[in-house]
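Quick notes on the structure that follows.
The values are calculated or read from the model by the stated rules, or taken from the named source; none is laboratory data. These numbers come from a predicted model, not from an experiment. Every residue, glycine as well, gets a Cβ built from its backbone with ideal geometry; the counts of neighbours run over all protein chains shown. What goes into the accessible areas is simple: the full protein's heavy atoms, side chains included, and nothing from ligands, DNA or RNA. Shrake-Rupley method; radii C 1.70, N 1.55, O 1.52, S 1.80 Å.
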Amino acid sequence: MMRIVKPKNARSKRAMENRASKVIENTKKALTVRGSTCGILVQNAMADIAAYKQPDVKKFQKKNEIHPFEDVSSLEFFSQKNDASLIIFGSTSKKRPNTLTWLRTFNYQVLDMFELKILNYKTMSDFKTLAINIGMKPMFSFVGPIFDSHPHYQMVKSMFLDFFRGEQISMLDLAGLQYIISVTASGDGNISVYSGDTSNLPPINFRVYKIKTYKSTTQSKVPRVELEEIGPRFDFQLGRVREADPDMQKQAMRIPKELQPKAKKNVETDLLGDKVATIHVGKQDLMKLQTRKMKGLKKRRKDEFEEQGNDEFEDVIVSDEEQPKKKKRQIK
């Protein structure tokens, strides 16, 4: 039997309703957790990444004796305690120095996770730029076919999009698009080439640029766009990977019935993306069909007389010379 917790007061009732499942979920919150050995480089890296997640991020200051790939119970407890579904765990060891472990949870249970070893790092303070405004939504650019073909890099792409997505909105002001995150990885994504040891996988280059617009030098109304790097700058090496359980992933990807598009009868989409519809109409009497009244379709007087059986009238042909001429009006 499932244990049902009843709220004791109005405050706890509101908290339980906020954590309950909804048709449109709340904005995903993130946690940055330090390991038992976490150097200053890893701490600065987590701080710079958390700056783009504000205000939906919480940073832990104490160290924790946690090994994510051996036991995830502590991280699942932190996820449930803080109602957060995204976690970045930073640690440093002799075998795996300067490592960031990215986790994603569903129903407060770890869904999938992977390690990113920091090969090269340049902090935001090293770039002479202004601070990032809170609440800005970034644009993403994934360069390389490996992000669409290799399963591990597909997970990295999905995790980055999920982490930096922020609040779901229906409308967005163009002034809010101020920076772009570029993620680049070389390689053709052939799984057979990179199977086995993950050290043979190509590195992941993480860059952040600020979008600047200037007046165009030509007569065009389109402004001139330039990109300025604002940091942080990372070069990652993919490490251990734990893929999601198929049943749990299927449950996590389920779309509620309220958000599913309603199927329209007799409407299909062809290969070109055009809508093709089938219309069912009743039997039509073409004899009663209204056509355009043209002079050539009218019955002549002779045909009318023949139908009535009246032979007393004959056709009278009047030449142009016998037709009366109109008198011209004289202007006095």
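One table, with the values for the structure above:
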{"item": "Candidates per trypsin sites (Lys or Arg not before Pro) in region 197-229, loop by DSSP, up to 16 other Cβ within 10 Å", "result": "Lys215, Lys221"}
{"item": "Region 26-244, accessible surface, carbon-and-sulfur percent (1.4 angstrom probe)", "result": "51"}
{"item": "In region 115-160, trypsin sites (Lys or Arg not before Pro) in a DSSP loop with at most 12 other beta-carbon atoms within 10 Å", "result": "Lys128"}
{"item": "Mean separation of Cα contacts under 8 Å, 6 or more apart, over the residue count of region 26-244: relative contact order %", "result": "21"}
{"item": "Sequence-separation-based contact order of region 123-185, relative, with Cα cut under 8 Å and 6+ spacing, percent", "result": "54"}
{"item": "Accessible area in square angstrom per residue, region 78-220, 1.4 angstrom probe", "result": "53"}
{"item": "Peptides ranked, highest mean first, by Cβ atoms within 10 Å: ranges 132-141, 11-20", "result": "132-141, 11-20"}
{"item": "Loop-located trypsin sites (Lys or Arg not before Pro) in region 22-57 whose Cβ has at most 11 other Cβ within 10 Å (DSSP)", "result": "Lys22"}
{"item": "Interatomic Cα distance distribution for region 26-244, bins of 5 angstrom, percent", "result": "1, 6, 14, 18, 19, 17, 12, 6, 3, 2, 1, 0, 0"}
